[in-house]
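The values are calculated or read from the model by the stated rules, or taken from the named source; none is laboratory data. None of the values given here were measured: they were computed from a predicted structure. Heads up, the Cβs are rebuilt from the backbone with ideal geometry, glycines too, and the neighbour counts pull from every protein chain shown.
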Amino acid sequence: MPKQTFFNLPEEKREKIIRAAIEEFSLHGYAKTSINSIAERAEIAKGSIYQYFEDKKDFYLYQVKFVKESYMTHRTGFVGDFRNQPFRTTLLRTMLFFREFQEIYPGQVRFYFAMVGDTSIPFDEEIGEIMTEPSLSYMREIIDVAVERGELRPDLDMDMLVFDLIVLITAFQQATVSPAMGEYYGIVGKDRKALERNADRLLDIVFNGIE
C-alpha cells in the first residue's frame with residue numbers, strides 16, 4: 001500500500017496519478033504497463049512513483065483497492081439503508097447500481113474488466129481477497145438482517161445463498177455495462193425503467209423458484 005509520501009501529496013496530484021495508472025493498466029494490462037508510462041501520463045518525473053509505492057505490484061494492488069472502495073462507497077449511497085427496507089428492494093438496488101457507477105466512473109469500470117481478463121497478473125489471490133471479501137461481508141449482512149425480520153427461512157444454506165446471490169448479481173451488473181453481454185441478454189441500451197423490469201423478473205425466479 002502507499003507510503004506516507006503519497007498521502008502527503010495534494011489531493012489533486014494523487015487523483016491525477018490514480019487516473020493515469022487506471023488508464024494505463026486498463027489499456028495495456030499489468031505485464032505490459034510500465035511505471036514510466038504511468039508517470040508520463042500523470043506528468044510527473046519518471047521514477048517518482050517509487051517514492052510513493054514499494055514496487056509495481058504494490059502500485060497495482062492500490063488501484064484495485066481504490067476501485068473496490070469507490071464501488072462500495074457509491075453502492076451504499078445508491079442502495080440506501082438496507083436495515084430499513086425490504087430485502088428484495090436491497091437486492092434490486094444492488095443489481096441496478098453498477099450502471100450508474102459506470103456512467104460516473106467509466107475508467108474504473110474499464111479497469112475492472114481489464115483486471116478480470118488479465119492473465120498476466122501473478123498475484124491473483126491477493127486481488128481476489130481485496131475484491132471478494134467485502135462482497136461476501138455485504139451479502140452476509142443483508143441476509144442476516146432479512147432472516148432476523150422473518151423475510152428468509154433461517155434453515156437455508158446461508159453460505160450457498162451468499163454465493164448464489166453474488167454470482168447472480170455480478171452477472172447482471174456486468175451485463176448492464178458490457179455491450180457484448182448486454183446485447184446477448186437484451187439489456188444493453190435500455191433505459192433505467194426497462195433495466196429495473198429485467199432485474200425484477202430475475203428476482204421473481206429467485207424468490208418463487210424454478211420448480
Residue within region 4-13 that is of a type in the set (Lys, Arg), under 16 Å from Ala114 (Cβ atoms) and part of a helix (DSSP H, G or I) present: no
Some residue of region 88-96 being among the charged types (D, E, K, R) and modelled with pLDDT of 95 or more: yes
Count of region 150-174 residues which are closer than 18 Å to Phe207 by Cα and either at pLDDT below 90 or hydrophobic (A, V, I, L, M, F, W, C) (or both): 14
Looking only at region 44-57, and only at residues there that are in a helix (DSSP H, G or I) and surrounded by 15 or more Cβ atoms within 10 Å (Cβ to Cβ), the one that is farthest from the chain's Cα centre (by Cα): Tyr50
Cβ-Cβ under 6 Å pairs, at least 6 apart or on other chains, region 1-16 side farther than 16 Å from Glu54 by Cα, far side in a helix (DSSP H, G or I) and of a type outside the set (Asp, Glu): Lys16/Ala42
Options Ile210, Ile205: the member that is of a type in the set (A, V, I, L, M), more than 21 Å from the chain's Cα centre (by Cα), at pLDDT below 95 and in a helix (DSSP H, G or I): Ile205
Filter pass, Asp155 being exposed (fewer than 15 other Cβ atoms within 10 Å of the Cβ) and outside any loop (DSSP other than H, G, I, E, B): no
Residue ID - nearest to Arg149 (Cα to Cα), chosen from residues in region 81-96 that are surrounded by 17 or more Cβ atoms within 10 Å (Cβ to Cβ) and touching a Gly at 6+ places or on another chain (Cβ under 9 Å): Thr90
Qualifying residue in region 121-141 (condition: of a type in the set (Val, Ile, Thr), free of Cβ contacts under 8 Å to residues at least 40 places away in the same chain and part of a helix (DSSP H, G or I)): yes
Cβ pairs under 9 Å, 6+ apart, first in region 196-207 and under 16 Å from Leu165 (Cβ atoms), second of a type in the set (D, E, K, R) and modelled with pLDDT of 90 or more: Asp200/Arg88; Leu203/Arg88; Val206/Arg88; Val206/Asp164; Phe207/Arg88
Lone unmet requirement of (1) surrounded by 15 or more Cβ atoms within 10 Å (Cβ to Cβ); (2) within 25 Å of Leu61 (Cβ to Cβ); (3) hydrophobic (A, V, I, L, M, F, W, C); (4) under 13 Å from the mean Cα position of the chain (by Cα) for Val162: (4)
Whichever residue in region 175-193 is β-branched (Val, Ile, Thr) and not in a helix (DSSP H, G or I) and, among such residues, is modelled with the lowest pLDDT: Val188
Scan of region 186-211 for residues that are surrounded by fewer than 15 Cβ atoms within 10 Å (Cβ to Cβ) and closer than 14 Å to Phe98 by Cβ, ordered by number: Arg192
